[in-house]
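Scroll down for the structure; my scribbles are underneath it.
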Amino acid sequence: MDGILLINKPAGYTSHDIVGIVRKKLHTKKVGHCGTLDPDATGVLVVCVNKATKAIQFLMSDSKIYRATLSLGKSTDTYDASGKVLEEKEIGEISKEQVEGVLNSFLGHSKQKPPIYSAIKVNGKKLYEYARNGEEVEIKERDIEIMMIQLISFDKNEIVFDVKCSKGTYIRSLCVDIAKKLGYPGHMSHLTRIVSGDFSLEKCYTLEDLQQDRYKLLSVDEALDSYPKIILKDPTVVYHGKMIKSDLTGQVAICDANKHVLAIYESNGEGYLKNVRGLW
């Protein structure tokens, strides 16, 4: 059994927990996932099974859409509801226009400092290990992009918004930065990934669906359908690792006459495509 399983991850499970559940259900050890979700977060988790694990790197979308809830008036060391409270402040009058103005100020390219409680490695050690040991460490800012940010609801101390962002963006940090611009401490109280690349929450299965056999695996061909394609009459070109002359740029799906994806090729910048990974 090969393919891509779209899971609506519930809160309380790590992404690795979900992989373990899928392994047990499908009786295979060859299972991987694309894009980690924090245990408290919910939503789209792309899980690849058996031969489909070869496609993981091509399903790691450069952009994702989240629905986040920001709670104003209280900051935590983890930037979310699970952490130790660091500061509290009574909420004054804030208008919807103020909130929308602050949200819109984050559109575009910017620098972001990841939270100390994260799995980013510095000098071979994860940041949360420094935090747990009470050690000081320099956290470097990272380049991020916010392509869309939209207010969904606002009720005194709770702001719900949707955000489309680049890979590597920490929504916890974004929530804290939004709160600071509004003049208050804050933390992310809830997060749902509603879109990951071409995969939306509406197409995902729950763990109950999985246990009750109410699910369907996507084929690699279906999962990579949005990629530009080249159809080859002679697939031995791919098997022999030869380059393909083409004006296409970026990554391209190379298919046989039946439109089955054989490999992902990438432009070399000189009018040719070279093999990145075989998927047969």
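The values are calculated or read from the model by the stated rules, or taken from the named source; none is laboratory data. Keep in mind that this is a model prediction, so the values were computed, not measured. We place every Cβ from the backbone using ideal geometry, glycine too, and count neighbours over all the protein chains shown. The protein model used for the area step is the full one, side chains on, heavy atoms only, and it has no ligands, DNA or RNA in it. Shrake-Rupley method; radii C 1.70, N 1.55, O 1.52, S 1.80 Å.
Residue check: K25 meets all listed conditions (1) closer than 23 Å to A11 by Cα; (2) modelled with pLDDT under 95 but one, namely (2).
Each row is one residue, and each column tells you yes or no for (1) under 23 Å from Y13 (Cβ atoms); (2) of a type in the set (A, V, I, L, M, F, W, C); (3) touching a strand residue (DSSP E or B) at 6+ places or on another chain (Cβ under 9 Å).
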| position | (1), (2), (3) |
| --- | --- |
| V46 | yes, yes, yes |
| K54 | no, no, yes |
| F58 | no, yes, yes |
| S71 | yes, no, yes |
| G83 | yes, no, yes |
| E88 | no, no, yes |
| G101 | no, no, no |
| N104 | no, no, yes |
| K121 | no, no, no |
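Being open to solvent by less than 30 Å² (accessible area, probe 1.4 Å) and either farther than 26 Å from G3 by Cβ or not in a helix (DSSP H, G or I) (or both) is a property that V195 lacks.
Restricting S226, S246 to those that are open to solvent by 50 Å² or more (accessible area, probe 1.4 Å) and of a type in the set (S, T, Y) reduces the list to S226. Could you grab me the full set of residues in region 111-138 that are surrounded by fewer than 10 Cβ atoms within 10 Å (Cβ to Cβ) and under 14 Å from G168 (Cβ atoms)? Residue satisfying the conditions is K111 alone.
Consider region 18-49 and keep the residues that are open to solvent by 30 Å² or more (accessible area, probe 1.4 Å) and touching a residue at least 12 places away in the same chain (Cβ under 8 Å). The one that is nearest to F199 (Cα to Cα) is H33. The residues of region 88-110 that are in a strand (DSSP E or B), open to solvent by 30 Å² or more (accessible area, probe 1.4 Å) and either modelled with pLDDT under 95 or under 12 Å from I146 (Cβ atoms) (or both), listed by number, are H109, S110. All conditions in (1) part of a loop (DSSP other than H, G, I, E, B); (2) in contact with a strand residue (DSSP E or B) (Cβ under 9 Å, 6 or more places away or on another chain); (3) surrounded by fewer than 17 Cβ atoms within 10 Å (Cβ to Cβ); (4) not aliphatic (A, V, I, L, M) hold for Y184, with the sole exception of (3).
Evaluate region 72-79: report whether one residue or more is among the acidic types (D, E), without any contact (Cβ under 8 Å) to a residue 60 or more places away in the chain and touching a Pro at 6+ places or on another chain (Cβ under 9 Å). Yes: region 72-79 contains one or more residues that are among the acidic types (D, E), without any contact (Cβ under 8 Å) to a residue 60 or more places away in the chain and touching a Pro at 6+ places or on another chain (Cβ under 9 Å). Residues of region 111-165 being outside any loop (DSSP other than H, G, I, E, B), within 21 Å of A81 (Cα to Cα) and in contact with a helix residue (DSSP H, G or I) (Cβ under 8 Å, 6 or more places away or on another chain), which ones? Those that are outside any loop (DSSP other than H, G, I, E, B), within 21 Å of A81 (Cα to Cα) and in contact with a helix residue (DSSP H, G or I) (Cβ under 8 Å, 6 or more places away or on another chain): Q112, L151, F154, I159, F161, V163. Among the numbered conditions (1) open to solvent by 20 Å² or more (accessible area, probe 1.4 Å); (2) within 30 Å of L218 (Cβ to Cβ), the only one that I146 does not meet is (1).
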